[in-house]
Amino acid sequence: MSVDQKMDSGRRQLLVATSAAGGVAVVATAVPFVASLTPSERAKAAGAPVEADISKLSPGEMMTVEWRGKPVWILRRTPEMLASLEKTDASVSDPESDKPMQPDYAKNKHRSINPEYLVTVGICTHLGCSPSDKFKVGAESGMGEDWAGGFLCPCHGSKFDLAGRVYSSMPAPDNLEIPPYKFLADTTILIGDDAKA
């Protein structure tokens, strides 16, 4: 073997070794970069359905759970609260829930699957503020003698009844949103998924 052939063989080995090292470096650099493009576990969880245990929720009480970074209210309505929806029909702007602010199964007077439970996103449809509950009725509520109970957005005064329907002539243009949900059991609601099992 001549000196030139030995040099060519050495160069080839050096070229192969350098190329292999460069390839390893490219892969080592690319893996973290590509991994950073996938959603984090926290981001995945933010959009995931959320289970809510309603077993300790007494009639007239409301609980809040977070789904997709939004507050979702679960209100267990009393028979009196449900009866108040008849009284507010004439005062709300969308009494039949014609606007698509709820899934089809919640397009009814009580805007829910089970009339006893209201499940709604607690964000005003005007500018995204969070209304407060005003469940006391009449003068005791501080809302006036004819107040039947509901929600008040303190930012601009939008009022909603106990089905999340907005009163007429309010800044909020629409009823409160009803998220997709289903009952997994009598005491468990899954918010964010309403597909049949």
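Here are the numbers for the structure shown:
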{"read-out": "Criterion violated by Thr125 - all others in (1) assigned to a loop (DSSP other than H, G, I, E, B); (2) within 24 Å of Asp186 (Cα to Cα) satisfied", "value": "(2)"}
{"read-out": "Filter result for Lys56 (over 28 Å from the mean Cα position of the chain (by Cα) and at pLDDT 70 or above)", "value": "no"}
{"read-out": "Segment 65-86 residues that are free of Cβ contacts under 8 Å to residues at least 24 places away in the same chain and closer than 19 Å to Phe183 by Cβ, paired with ones that are acidic (Asp, Glu) and in a helix (DSSP H, G or I) (beta carbon under 8 Å, 6 or more apart)", "value": "none"}
{"read-out": "Scope segment 128-151; condition within 20 Å of the chain's Cα centre (by Cα) and either part of a loop (DSSP other than H, G, I, E, B) or crowded, with 18+ Cβ neighbours inside 10 Å (or both); matching residues", "value": "Gly128, Cys129, Ser130, Pro131, Phe151"}
{"read-out": "Qualifying residue in segment 180-191 (condition: within 16 Å of Ser97 (Cα to Cα) and in contact (Cβ under 8 Å) with a residue 12 or more places away in the chain)", "value": "yes"}
{"read-out": "Residue in segment 89-111 that is within 18 Å of Leu57 (Cβ to Cβ) and buried (at least 22 other Cβ atoms within 10 Å of the Cβ) present", "value": "yes"}
{"read-out": "Matching residues in segment 72-105 - criterion: being more than 27 Å from Lys196 (Cα to Cα), part of a loop (DSSP other than H, G, I, E, B) and among the small types (Gly, Ala, Ser)", "value": "Ala90, Ser91, Ser93"}
{"read-out": "Residue list for segment 157-197, filter: of a type in the set (Lys, Arg), assigned to a loop (DSSP other than H, G, I, E, B) and within 20 Å of Gly144 (Cβ to Cβ)", "value": "Arg165"}
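The values are calculated or read from the model by the stated rules, or taken from the named source; none is laboratory data. Nothing here was measured: the structure is a model prediction, and the numbers come from that model. Reconstructed Cβ throughout: ideal geometry from the backbone, glycine too, with neighbour counts over all protein chains shown.
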